[in-house]
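For reference, the structure is listed below as structure tokens.
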Ligand SMILES: [Fe+2]
């Protein structure tokens, strides 16, 4: 099967992987022959990509970082958690100081015991990552608009864990960073009317309020689980920048690698938060969440690289580039260049990733340089000393 942009989906295509609603319920099952009505539904639900089965891509089996069943459980439980926060913490006045005071005084914490569930969800994610020896994030953002909060939380959590794994973090720290990543934006959930507005659509007061959401997230986590100090600090710092230009506290980075250390200097960005900040930005870029302009993984990484040393910790950016698979199995690519100049300009599907060099996977050529369909031909680009690819999605 292979990945198809929903805008290029033809009636009659066979769905390769099931699609689920934001709450984890089945929307369309794998194997369905898609008709025009279903394409409308897929559009309406805001999916960017789907998997399609055809004889051309018969031998192509996409690699799942996290299985659909675990994704469903995590999405479903996160939906409950976010709804719980929304229902229990409604505010009448929206000044940041009023909200902080109300969160300090809140007496509803007892009924909102979601942290054990969040820990359980991260256990499931970690189990799959460690047992399957996953080291790379191989997904394109196959997400629905309505479920973007949970899907964003889940993918950010997986990317954070993979970056932390590349730094050699132990299981305790991997777990902590995974938990903080799942609930980093929980402070936004108390403002359902504001949270999905773009920066341009917000009033000045709303922007001021949203700049405090890391503090609100921290206070909500602290209120429900006072012992979660690492997670509280991570979410509180997730919008701080390396050079001190971030918010809400304008903290600076310590300036060194966030690999495991015995302590973290007070007044500097907590190293877990430097990882979460990059993972969060990566997912926002590939989904186009902030500006409705989704980037390819490669574009997102190069955009983040331009902020290395100013916005982001360069050591973290380096590990992001290591853990993101830019050309996932099943992705359509254009061969932009090869050392031998063979196949330049051809369209192909990625069949088997090459962990040693992402740009030289095994591909199946599907179209020639003028876009005409050709008999499928398997080519192992490892045979090239150099190759460059472009995602054609
Ligand atoms: Fe945030």
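The values are calculated or read from the model by the stated rules, or taken from the named source; none is laboratory data. Here the structure is a predicted model, which means the values were calculated and not measured. Cβ atoms come from the backbone with ideal geometry, glycine included; neighbour counts cover every protein chain shown.
Looking at this structure, is residue 363 at pLDDT 95 or above, in contact with a helix residue (DSSP H, G or I) (Cβ under 8 Å, 6 or more places away or on another chain) and in the same structural domain as residue 180 (by TED's automatic domain parsing)?
Working: at pLDDT 95 or above: yes; in contact with a helix residue (DSSP H, G or I) (Cβ under 8 Å, 6 or more places away or on another chain): yes; in the same structural domain as residue 180 (by TED's automatic domain parsing): no.
Taking the combined requirement at face value, the residue does not satisfy it.
Scan the range 244-257 and give yes if some residue there is buried (at least 19 other Cβ atoms within 10 Å of the Cβ), at pLDDT 95 or above and farther than 25 Å from residue 195 by Cα, otherwise no.
Yes, the conditions are met somewhere in the range 244-257.
What number goes with the only condition from (1) more than 16 Å from the ligand (Cβ to nearest atom); (2) free of Cβ contacts under 8 Å to residues at least 60 places away in the same chain; (3) assigned by TED's automatic domain parsing to the domain that holds residue 185 that residue 285 does not pass?
(1)
Would you pick out the residues in the range 175-192 that are within 13 Å of the ligand (Cβ to nearest atom) and surrounded by fewer than 24 Cβ atoms within 10 Å (Cβ to Cβ)?
Step one: list which residues in the range 175-192 are within 13 Å of the ligand (Cβ to nearest atom), which gives 180-189, 191.
If the condition is that a residue be within 13 Å of the ligand (Cβ to nearest atom) and surrounded by fewer than 24 Cβ atoms within 10 Å (Cβ to Cβ), then 185, 188, 189, 191 are the ones that fit.
Restricting attention to the range 193-216, and to residues there that are modelled with pLDDT under 85 and touching a helix residue (DSSP H, G or I) at 6+ places or on another chain (Cβ under 6 Å), which single residue is nearest to the ligand (Cβ to nearest atom)? Steps first, please.
Looking only at the range 193-216, we keep the residues that are modelled with pLDDT under 85, and these are 193-200.
Adding the requirement that they be touching a helix residue (DSSP H, G or I) at 6+ places or on another chain (Cβ under 6 Å) leaves 194-195.
On the way: 194: 13, 195: 10 Å.
Residue satisfying both the conditions and the ranking: 195.
Give the range 2-26 a look and list any residue that's farther than 21 Å from residue 328 by Cα and modelled with pLDDT of 90 or more, or say none.
10, 11, 12, listed by residue number.
Residue 152 - would you say it is under 17 Å from residue 74 (Cα atoms), outside any helix (DSSP H, G or I), within 15 Å of the ligand (Cβ to nearest atom) and touching a residue at least 12 places away in the same chain (Cβ under 8 Å)?
No; evaluated as a whole, the condition is false for this residue.
Sort out which residues of the range 329-348 are more than 23 Å from the chain's Cα centre (by Cα), under 23 Å from residue 9 (Cα atoms) and crowded, with 16+ Cβ neighbours inside 10 Å, and write them in order of number.
334, 335, 346, 347, 348
Test residue 18 against the criterion of being in contact with a strand residue (DSSP E or B) (Cβ under 8 Å, 6 or more places away or on another chain) and under 30 Å from residue 126 (Cβ atoms), and give yes or no. Break it down into steps so the answer makes sense when it comes.
Details: in contact with a strand residue (DSSP E or B) (Cβ under 8 Å, 6 or more places away or on another chain): yes; under 30 Å from residue 126 (Cβ atoms): yes.
It is true that residue 18 is in contact with a strand residue (DSSP E or B) (Cβ under 8 Å, 6 or more places away or on another chain) and under 30 Å from residue 126 (Cβ atoms).
Being farther than 21 Å from residue 137 by Cα and not assigned by TED's automatic domain parsing to the domain that holds residue 373 is the requirement here; does residue 342 meet it? Can you show your working first?
On the way: farther than 21 Å from residue 137 by Cα: yes; not assigned by TED's automatic domain parsing to the domain that holds residue 373: no.
Criteria not met by residue 342.
All but one of (1) closer than 30 Å to residue 375 by Cα; (2) modelled with pLDDT under 90 hold for residue 52; state the number of the condition that does not hold.
So the condition that residue 52 fails would be (2).
Answer yes or no as to whether residue 263 is within 14 Å of the ligand (Cβ to nearest atom) and either closer than 18 Å to residue 84 by Cβ or in a loop (DSSP other than H, G, I, E, B) (or both).
Details: within 14 Å of the ligand (Cβ to nearest atom): no; either closer than 18 Å to residue 84 by Cβ or in a loop (DSSP other than H, G, I, E, B) (or both): yes.
No: the conditions fail for residue 263.
What is the number of the single condition among (1) assigned to a helix (DSSP H, G or I); (2) within 16 Å of the chain's Cα centre (by Cα); (3) modelled with pLDDT under 95 that residue 145 does not meet?
Of the numbered conditions (1) assigned to a helix (DSSP H, G or I); (2) within 16 Å of the chain's Cα centre (by Cα); (3) modelled with pLDDT under 95, the odd one out for residue 145 is (1).
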